[in-house]
1. Can you name every residue in the range 6-41 that is part of a loop (DSSP other than H, G, I, E, B) and β-branched (Val, Ile, Thr)?
2. Please go through the range 250-263 and pick out each residue that is surrounded by fewer than 18 Cβ atoms within 10 Å (Cβ to Cβ) and modelled with pLDDT under 95.
3. Among the residues of the range 44-64, write down those that are more than 13 Å from the ligand (Cβ to nearest atom) and in contact with an Asp or Glu (Cβ under 7 Å, 6 or more places away or on another chain).
4. Which ones in the range 262-303 are of a type in the set (A, V, I, L, M, F, W, C) and either touching an Asp or Glu at 6+ places or on another chain (Cβ under 6 Å) or within 16 Å of the ligand (Cβ to nearest atom) (or both)?
5. With the requirement that a residue be at pLDDT 95 or above and either part of a loop (DSSP other than H, G, I, E, B) or polar (S, T, N, Q) (or both), what does the range 350-367 give you?
6. Would it be correct to say that residue 41 is among the β-branched types (Val, Ile, Thr), modelled with pLDDT of 95 or more and more than 15 Å from the ligand (Cβ to nearest atom)?
7. On the given criteria, is residue 20 away from the ligand (no atom under 16 Å from the Cβ) and over 20 Å from the mean Cα position of the chain (by Cα)?
8. Residues to consider are 354, 342, 330; find the one that is within 16 Å of the ligand (Cβ to nearest atom), touching a residue at least 40 places away in the same chain (Cβ under 8 Å) and closer than 15 Å to residue 40 by Cα.
Amino acid sequence: MKTVMLIGDGMGDRPCPELGDRTPLQAAQIPWMRRIAAAGTLHLVDTVPPGLPPGSDVANLGLLGYDARDYYTGRAPIEAAGAGIPLQEDEVAFRCNLVHISDGRMVDYSSGHISSEEAAPIVESLERELSRSGLHFHQGVQYRHLVVWENGPVAPVTQPPHDILGQEIAPYLPEGEGAELVLELMEASKELLREHPVNQARVARGELPVTQIWLWGQGPALQLPTFPELYDLTGTVVTAVDLVRGLGVLAGLETPVVEGATGWIDTNYAGKVAAALDALITQDFAYVHIEAPDECGHVGDAALKTQAIEAFDQNVVGPIWQALEERGDPYKLLVTMDHRTPVEIRGHSAEPVPLATLEGPVGLPEAQTDFDEFIHGGNAELRTYEWIPGWIRGQA
Ligand SMILES: [Zn+2]
């Protein structure tokens, strides 16, 4: 039995006036998801445990069958695992965003989705000027980087910058024990970045410069029981983002690096699909994660988000379903999203998400049914993430 989960990050939404009061999932041409929904079973799923924020970390933990309340120590330690940075017992990892703040407001958590190539010299400068014994900057992808800090402060309340877009930052600066140490680093980065050549080039091209770093999501190392231990399954996680790669590493799964996987709408879909299908020749489980719908939600662009969802359907869901059918082995397929990223709020929300499951082969039936946030009623059961382990085991 092959078990396959296809995740369109942040696909869920709320009705958008610019889409005629439809959600992007409703407005999108998504024949593959609608055919899977018709041939399989529809569910609405609460992916976020009560009391925890609806971050991709917590929600993807839930989709992988882990209760974040038992394991979660923060977002950054998961990303550190994904980046292959082992955390010692006394080390704390922080997410380090390259952000654009103007007039005291969080204008862009990604500095215009700065490329990894441009970010590299910036992070090198940060490491050269601001590192010290027991505190180091680590290069990530695009605007997403890490600080690893020996005996660093765990206690401060820190804020994901993508959740405060357009808002004044003052109420969201780090607060609590040790916050002044975090603030000090953030402040020091401003001076360093002001005249940075990468920023000068960006300004000259009319692009947003990086005005400072924003530290958040800190925590010590976490450990998860692995898929081989829990389910006796081998498997692979295919993703462009360190967060989900980190969950894969911690879950004892393989995490191939796919060339051209960007975490944006221009990602190498074919490469990601090939990586998953290759893995499934010898392994039991694949988790394919596409980041772009979430990013489009954060950008606040309903039309672009609709396109990103269509690209996921056409380039990932369709090809993988067809390949599973062609191979003809028994399989279980699940299509969903980790959380909603409503265009209206340009941040995450904890409302339940639609999820479709299918056991095949079924012969690719043509019939379609709605696959959206409003499938409650006769044809969808409300679940929580706690249902997922049973589905993976084949008991649900
Ligand atoms: Zn997410």
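The values are calculated or read from the model by the stated rules, or taken from the named source; none is laboratory data. This structure is a prediction, so every number in the text was calculated from the model and none was measured. Neighbour counts are summed over all protein chains in view; Cβ atoms, including those assigned to glycine, are modelled from backbone coordinates with ideal geometry.
1. Answer for the range 6-41, where residues must be part of a loop (DSSP other than H, G, I, E, B) and β-branched (Val, Ile, Thr): 23, 30.
2. 257, 259, 260
3. Across the range 44-64, the qualifying residue is only 49.
4. 264, 265, 288, 290, 292, 296, 299, 302
5. 357, 361, 362, 363, 364, 365, 366, 367
6. no
7. The answer is yes for residue 20.
8. Of the residues listed, the single one that is within 16 Å of the ligand (Cβ to nearest atom), touching a residue at least 40 places away in the same chain (Cβ under 8 Å) and closer than 15 Å to residue 40 by Cα is 354.
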